[in-house]
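Asker: Submitted below is the structure of interest, expressed as structure tokens.
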Amino acid sequence: MTPATETSADPHIATLSNPILHDEVVSARHFWVHTIKQGQSLRIVDLEGNQAVDLLIYSEADDTERYSAQDTVAAQGNLFLRDGAILRSNEGRAMMTITGTSVAYHDTIGGACSVESNTLRYGHHTKSQHACVENYLKASLPNGRTKRDIVSNINFFMNVPVMEDGSLGIVDGISAAGLTVDLRADMDVVIMVSNCPQINNPCNGFNPTAVRMIVTA
Ligand SMILES: [Zn+2]
């Protein structure tokens, strides 16, 4: 019998078969930018449960090619991202593929929170609150990107059901502590994440928490 190693004791990496290239905990409300080469994989761990992970993808070779919610939804004929979903660019090309998810589905339409949407939805007293768009701007500027490069993002671990009348709900999450999503890069990509700071709706259980990013070969 093989004695338990540190690796096998860590449930978030025990099931990964390829070597780990990067392993980082992104604090609550913070952003994360990382390059992932074609064939490498990213595991996102919802460490404490119900934490929305807003994510955008850019082609490393030419960042005018980026994740497109419209192309992704149209090609798969479904609003939700499930196991096997291909995340497509504005050129229609596969950027990443979901190779595993322990949450049933992820959101393509809820978008990113911002100071503007917070004050409109929740009142002027929320104006000082940090939001995903501010995270995106801080993450974008050193890379030469600006507000016009921030497009409709994916919300991993977020539950945005479409109601009978066609309206969108932002309701209690379907995620839980320790649940994961695995993504394989189908081209060299730059990932930009906002670990959502929202405290005015249930998308983070009213309590933003840390997430873990594990990149494997
Ligand atoms: Zn947000």
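Asker: Measuring from label point to label point, each 7 Å out along Cα→Cβ, what is the Glu164 to Asn18 span in nm?
Answerer: If labels sit at Glu164 and Asn18, their model points lie 4.5 nm apart.
Asker: Using just the C-alpha positions of the stretch 127-217 as equal point scatterers, what log10 of I(q)/I(0) does the Debye formula give at each q in 0.13, 0.16 1/Å?
Answerer: After summing over all Cα pairs, the log10 values are -0.57, -0.86.
Asker: Packing-wise, with mean Cβ within 10 Å as the measure, how do 43-53, 128-138 rank, highest first? Show your work: numbers first, answer last.
Answerer: On the way: 43-53: 23.5, 128-138: 19.3.
Answer by packing, highest mean first, reads 43-53, 128-138.
Asker: Taking amide H atoms as placed 1.01 Å from N in the peptide plane, list the residues 5 or more away in sequence, or in a different chain, whose amide H sits under 5 Å from that of Asn90.
Answerer: Arg66, Ser68
Asker: Right, something else. Please give the contour-minus-distance gain from Asp10 to Asn90: 0.36 nm per residue of separation, less the Cα-Cα distance, rounded to one decimal in nm. Working shown, then result.
Answerer: Values: separation 80, 0.36 × 80 = 28.80 nm, distance 3.74 nm.
That works out to 25.1 nm of additional length.
Asker: Further, regarding this structure: Pairs of Cα atoms under 8 Å, at least six residues apart: use those to get the relative contact order of the chain, whole percent.
Answerer: Result for the chain is 42 percent.
Asker: Also, I was wondering about something else. How charged is the neighbourhood of Ser175? Take every other residue with its Cβ under 15 Å from the Cβ of Ser175, and add Lys/Arg as +1 and Asp/Glu as -1.
Answerer: Combined, the nearby Lys, Arg, Asp and Glu give -4.
Asker: Okay, moving on. What ³J(HN,Hα) values, in whole Hz, does the Karplus curve 6.51 cos²θ - 1.76 cosθ + 1.60 give for the stretch 70-76 when θ = phi - 60°, with x put for Gly and Pro?
Answerer: In residue order, the calculated couplings are 4, 5, 5, 5, 5, 5, 8 Hz.
Asker: Taking 2.2 N^0.38 Å as the expected size of a compact globular protein, what ratio does the Cα radius of gyration of the chain give against it, to two decimals?
Answerer: 0.99
Asker: Given a 1.4 angstrom probe, what's the average accessible area per residue across the stretch 11-101, in square angstrom? List each step's numbers first, then the result.
Answerer: On the way: 4180 Å² over 91 residues.
Here the per-residue accessible area is 46 Å².
Asker: To make sure I understand the rule: partners must be lysines, Cα under 29 Å from the Cα of Lys37, and not fewer than 8 residues away in the same chain. Which ones qualify?
Answerer: Lys138, Lys147
Asker: Straight-line reach only, C-alpha to C-alpha below 15 angstrom: list the aspartates and glutamates that Lys127 could link to, leaving out same-chain residues fewer than 8 apart.
Answerer: Partners found: Glu116.
Asker: Over the chain, what percent of the accessible surface lies on carbon and sulfur atoms, probe 1.4 Å?
Answerer: About 51 percent, which is the carbon plus sulfur part of the accessible surface.
Asker: Measuring from the lowest to the highest alpha carbon on each principal axis, how far does the stretch 135-175 reach, largest first, in angstroms?
Answerer: That gives 41, 23, 10 Å along the principal axes, largest extent first.
Asker: What figure, in Å² to the nearest 10, do you get for the accessible area of Arg29 with a 1.4 Å probe and non-protein molecules left out?
Answerer: Answer for Arg29: close to 120 Å² accessible.
Asker: At q = 0.23 Å⁻¹, what base-10 log of I(q)/I(0) does the Debye formula yield for the stretch 38-80 when every alpha carbon is treated as an equal point scatterer in vacuo?
Answerer: After summing over all Cα pairs, the log10 values are -1.06.
Asker: Okay, moving on. Report the accessible area of Arg93, computed with a 1.4 Å probe over the heavy atoms of all protein chains in place, in Å² rounded to the nearest 10.
Answerer: 120
The values are calculated or read from the model by the stated rules, or taken from the named source; none is laboratory data. Fair warning: this is a prediction, and the values are worked out from it, not measured in the lab. FYI the Cβ positions are ideal-geometry reconstructions off the backbone, even for glycines, and counts take in every protein chain you see. These area figures cover heavy atoms from the full protein model, side chains too; ligands, DNA and RNA do not enter into them. Shrake-Rupley method; radii C 1.70, N 1.55, O 1.52, S 1.80 Å.
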